[in-house]
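Trainee: Before I ask anything, let me first share the structure, which is written out below as structure tokens.
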Amino acid sequence: MKIAYFDCPSGAAGDMIMAALVDAGVPLEALRAELRKLPLHGWELTAREVRKGPFRATKVDVQIDGRAHQEHRSLGDILAILERSSLAAPVKEKAERIFTRLADAEARAHGSTREAVHFHDVGAVDAIVDVTGGVVALGLLGVEAVHVSALPLGGGFVDGPHGKIPVPGPGTAELLRGFPVVDTGVRAELVTPTGAAILTTLAASAGRMPAMTVSAVGYGAGTMDLPEIPNVLRCFVGETAAAGGDE
């Protein structure tokens, strides 16, 4: 069975997941072609090699122009976008599960319902492309199961739509319930809502790497330059003989 193990020493975000998979061998043009099946306009996917401390990594960006509508979207709006797309059914299903789980986490954190949640940054075009792109990239690599390391919580505060909020944000904290986490002492938002939603929704296991024969290693760069640790997410892709990739 082909699996992917995401090693997250400095956290995870949607663009880092997609970048790590591109670095591990997903052809950028094939990824672009699939993402163009989304009924969204005014965006372009770019990739470049960068340095993060001692690491060479791939940085993937969703560049937005004036044609893209960056309004706040509800879960229903995002599910309608996915439904109107010509993406393969398994891609739609996984992306829908990720966004629904994210909506449920935000609803519980804020005492609301999934229908009433209005995504701010997560409802933007680039976030929709990030989440869908991660699912598409896993499919292009033929990955059948996803596994993930313990996730670093980060710390400090970030600016939210209603003022400063502690890290991890309330929605991210809900998504991390049931998953192993660590405090590495870094005061920054290391795990974003999209990163948490993708990995915790798709992961078959979390913690130690399953026994596997590694065929590719990809490094996805984050946006921040952290003084304490290189801001990269590492993805191991390979084969395991165990059913589901479990130890």
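Trainee: From the Cα gyration tensor of segment 107-183, with a ≥ b ≥ c the square roots of its eigenvalues, which class applies: rounded if a/c is under 1.5, or else prolate if a/b is larger than b/c, or else oblate?
Mentor: Working: a/c = 1.92, a/b = 1.32, b/c = 1.45.
It comes out oblate by the Cα gyration axes.
Trainee: Can I ask one more? Express the relative contact order of the chain as a whole percentage, based on alpha carbon pairs under 8 Å and six or more residues apart in sequence.
Mentor: Numbers: 547 pairs, mean separation 87.3, N = 247.
This gives 35 percent for the chain.
Trainee: Still on this structure, please answer the following. By the gyration tensor of its Cα atoms, with a ≥ b ≥ c the square roots of the eigenvalues, what is the shape of the chain: rounded for a/c under 1.5, prolate for a/b over b/c, or oblate? Present the calculation step by step, with values, prior to reporting the outcome.
Mentor: Working: a/c = 1.31, a/b = 1.12, b/c = 1.18.
Rounded shape, in that the Cα axes give a/c under 1.5.
Trainee: With each run of n ≥ 4 DSSP H residues scored as -39500 (n - 2.57), what mean residue ellipticity at 222 nm is computed for the chain after dividing by its residue count and rounding to the nearest 500 deg cm²/dmol?
Mentor: Details: 7 runs with 83 residues, N = 247.
For the chain, the value works out to -10500 deg cm²/dmol.
Trainee: Hey, can you list the DSSP H helices of the chain whose Cα span along the axis is 20 Å or longer and whose average Kyte-Doolittle score is at least 0.0? Present the calculation step by step, with values, prior to reporting the outcome.
Mentor: Working: long enough: 89-110 (31 Å, -0.67); 125-141 (24 Å, 1.86).
Helix filter hits for the chain: 125-141.
Trainee: So in the chain, what percent of DSSP beta bridges are antiparallel if you round to the nearest 5? Don't skip to the answer; put the middle values down first.
Mentor: Numbers: 30 of 41 bridges.
Counting only bridges with both partners in the chain, antiparallel ones make up about 75 percent.
Trainee: By its C-alpha gyration tensor, with a ≥ b ≥ c as the square roots of the eigenvalues, how is segment 85-138 shaped: rounded for a/c under 1.5, else prolate for a/b larger than b/c, else oblate? Before the final figure, lay out the partial values.
Mentor: Values: a/c = 2.57, a/b = 1.86, b/c = 1.38.
Note, shape of segment 85-138 comes out prolate.
Trainee: Per residue, how much accessible area does segment 1-79 show when a 1.4 Å probe rolls over the protein heavy atoms, in square angstrom?
Mentor: 42 Å²
Trainee: Using a 1.4 Å probe on the protein chains only, how many percent of the accessible area of segment 94-245 belongs to carbon and sulfur? Can you show the working numbers first?
Mentor: Values: 3460 of 6430 Å².
Carbon and sulfur atoms account for 54 percent of the accessible area of segment 94-245.
Trainee: Just tell me which aspartates and glutamates come within less than 16 Å, Cα to Cα, of Lys164; anything on the same chain fewer than 8 places away is out.
Mentor: Hits, sequence-local ones excluded: Asp121, Glu189.
Trainee: Could you give the longest part of the chain that holds none of the trypsin sites (Lys or Arg not before Pro) found in DSSP loops with at most 11 neighbouring Cβ atoms within 10 Å? Please list the in-between numbers first.
Mentor: Details: sites that count: Arg67, Arg177.
Longest stretch, sites excluded: 68-176.
The values are calculated or read from the model by the stated rules, or taken from the named source; none is laboratory data. Since we're looking at a predicted model, the values are computed, not measured. No Cβ is skipped: glycine too gets one built from the backbone with ideal geometry, and neighbour counts run over all protein chains shown. Please note that ligands, DNA and RNA were not included when accessible areas were found on the heavy atoms of the full protein model with its side chains. Shrake-Rupley method; radii C 1.70, N 1.55, O 1.52, S 1.80 Å.
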